[in-house]
Amino acid sequence: MNNVVFFHEKFVIMNLGDKMEKLNQLTSLLAKDLPIEEILRELNCNRQQLLEYLKKLKAINYYFEYHIFDNKKTILTSNYDSNGTGVNIYSNKEVLSVIAISDIHCGSKSERADLLDEVYNYAIENNIHIIFNLGDLIDGKNSKDPTQKQLEKLYQIYPYDPSITNIVLLGNHDYHSFYYDDYDISEDLFINRDDFIVTGYGLSYVALEKTLIGLHHDLSIVPNPIIHAPAPIHLHGHYHYYKVTTGSLLKIMVPTLSNHIFDYKNTFPGFLKIDFYFNYNKITKVNIQSKILLDRLITTSELDYSVPVLKKKK
């Protein structure tokens, strides 16, 4: 006789074999707010198997999300709000420092593995544990190498440190493999890099404490999805140069970390250090430092922005 398992009075899964038993077990583990490593141990599975279980849960509209803490602890947990961000970042500090990078284009002649090393050196020296990566990790169809070879190169040149989590939005060059070959590199990244949390393609939102942050990268091939969310801060990849637009919203264009730059913009490869200041778990001020590496690391500009209170529409 088959058993029926209820969890949180909302989801029902029939126990029809080992896979269903694993799904039942996984939903119970998600309800406990556990680190991914512990879920893997309890399920006695690898990351590829866990990915398959999570995909099956998605197929029956079971929602889950990541909770990321500034001490490298990442929790995978149940989420009953289908409109949730999927990624929530928490910190017990009054000021949280992150690094923002974009457009490394691994697999192209413009890739700069040395700059990735410099970013990690800077993060470790300054006790920074979160990197926002705004997309185009690989060069996609523009590269002479197939997608898998580009990913293998990415895993070689992209540093790994157990204290650093990368929040990754995939861009148009990353999307090439999905659009042309029906191959989703986000799954490859999940399996091979436990320090990467992929938020999606083109557009996503993450919650930094109680403030939403929009992540953007023009997909070019297809129109980006339109999601209306009251986010006062937006990070943009794709443009390859640094620019900030202020007003009722803060729009930050993140420079490329490759040699793929535009001479007419008079830009250099670089990255951003961003400090978020909190009051009652909401971001009240943002400090942005633009940094480039010539013969030494140089701060080219610095900007302070006071975050306005966004009023909810009636």
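Quick one: compute a quarter of the convex hull surface over the Cα atoms of the stretch 124-171 and quote it in nm².
Working: hull surface 15.4 nm².
The Cα convex hull of the stretch 124-171, projected and averaged over all directions, gives 3.9 nm².
Just to confirm the number: angle between the C-alpha axis of helix 113-125 and the first principal axis of the chain, 0 to 90 degrees, nearest 10?
Once rounded, one gets 80 degrees.
Amide H neighbours of T165 under 5 Å, at least 5 residues apart or on other chains, H built in the peptide plane: list them.
Excluding prolines and chain starts, which carry no amide H, the hits are I130, I131.
Quote the Stokes-Einstein diffusion coefficient, in whole µm² s⁻¹, for the stretch 14-168, based on the Kirkwood radius over alpha carbon pairs, a temperature of 4 °C and a viscosity of 1.567 mPa s.
Stokes-Einstein gives a translational diffusion coefficient of 73 µm²/s.
Find the accessible area per residue for the stretch 70-131; the probe is 1.4 Å, ligands and nucleic acids are left out, and the unit is Å².
Here the per-residue accessible area is 42 Å².
Starting at the first residue of the stretch 160-173, write each ³J(HN,Hα) from the Karplus equation 6.51 cos²θ - 1.76 cosθ + 1.60 with θ = phi - 60°, in whole Hz, x for Gly and Pro.
Each residue of the stretch 160-173 in turn: 10, 9, x, 8, 10, 10, 9, 8, 10, 9, 7, x, 5, 6 Hz.
What are the radius of gyration and Dmax of the stretch 207-297, computed over its Cα atoms and given in Å?
My reading of the Cα-based Rg and Dmax gives 14.8, 43 Å.
What number, in nm² with one decimal, is the all-direction average of the projected area of the convex hull of the alpha-carbon atoms of the stretch 81-152?
Numbers: hull surface 28.9 nm².
Seen from a random direction, the Cα hull of the stretch 81-152 projects 7.2 nm² on average.
State the antiparallel share, in %, of DSSP beta bridges confined to the chain, rounding to the nearest 5.
60 percent
Of all trypsin sites (Lys or Arg not before Pro) in the stretch 216-304, which ones are in loop regions per DSSP and have a Cβ with at most 15 other Cβ atoms within 10 Å?
Loop-located and lightly packed - R296.
Which of rounded, prolate or oblate describes the stretch 104-195 when judged by the alpha-carbon gyration tensor and an a/c cut-off of 1.5?
Note, shape of the stretch 104-195 comes out prolate.
Given +1 on the Cβ of Lys and Arg, -1 on the Cβ of Asp and Glu, and no further charges, what dipole in debye does the chain carry about its Cα centre, rounded to the nearest 20?
Approximately 1020 debye in magnitude.
With unit charges on the beta carbons (Lys and Arg positive, Asp and Glu negative) and the dipole taken about the Cα centre of the chain, which residue among P232, I221, I60 sits farthest to the positive side?
The Cα lying farthest towards the positive end belongs to P232.
Expressed as a rounded percentage, what relative contact order does the stretch 44-175 have, with Cα pairs under 8 Å and six or more residues apart? Walk me through the numbers before you get to the answer.
Values: 183 pairs, mean separation 30.3, N = 132.
Relative CO of the stretch 44-175 lands at 23 percent.
Choose one of N166, G247, Y122: the residue whose Cα lies farthest towards the positive end of the charge dipole of the chain (beta-carbon charges +1 Lys, Arg; -1 Asp, Glu; about the Cα centre).
About the Cα centre, the residue reaching furthest to the positive side is G247.
Any chance you could give the angle, 0 to 90 degrees and rounded to 10, that helix 18-30 forms with the longest Cα principal axis of the chain?
Around 60 degrees separate the two axes.
Consider all pairwise Cα distances in the stretch 46-105 and report the whole-number % of them above 18 Å. Intermediate results must be reported in sequence, preceding the final value.
Numbers: 923 of 1770 pairs.
Looking at the stretch 46-105, the distances longer than 18 Å represent 52 percent of pairs.
For the stretch 141-286, what is the convex hull (Cα atoms) projected area averaged across all directions, in square nanometres? Numbers along the way, then the final one.
Numbers: hull surface 41.2 nm².
That works out to 10.3 nm².
For the chain, what is the relative contact order in percent, using Cα pairs closer than 8 Å and at least 6 residues apart in sequence?
Taking the mean separation of contacting Cα pairs over the length of the chain, I get 14 percent.
Using modelled backbone amide H atoms (1.01 Å from N, in-plane), which distant-in-sequence or interchain residues come within less than 5 Å of H240's amide H?
Distant-sequence amide H within range of H240: T256.
Once a ≥ b ≥ c are taken as the square roots of the eigenvalues of the Cα gyration tensor of the chain, is the result rounded (a/c under 1.5), prolate (a/b larger than b/c) or oblate (a/b not larger than b/c)?
It comes out prolate by the Cα gyration axes.
S163 versus L297, label points 7 Å from Cα toward the beta carbon: distance in nm?
For the pair S163/L297, the computed spacing is 1.3 nm.
Per DSSP H run of at least 4 residues, take -39500 (n - 2.57); add these up for the chain, divide by its residues and hand me the 222 nm value, nearest 500 deg cm²/dmol.
The helix-only estimate for the chain comes to -7500 deg cm²/dmol at 222 nm.
The values are calculated or read from the model by the stated rules, or taken from the named source; none is laboratory data. Just so we're clear, the structure is a prediction, and the values are computed from it rather than from any experiment. For neighbour counting, all protein chains shown are included, and Cβ atoms are generated from backbone atoms with ideal geometry for every residue, glycine included. The accessibility values were calculated without ligands, DNA or RNA, using every heavy atom of the protein model including side chains. Shrake-Rupley method; radii C 1.70, N 1.55, O 1.52, S 1.80 Å.
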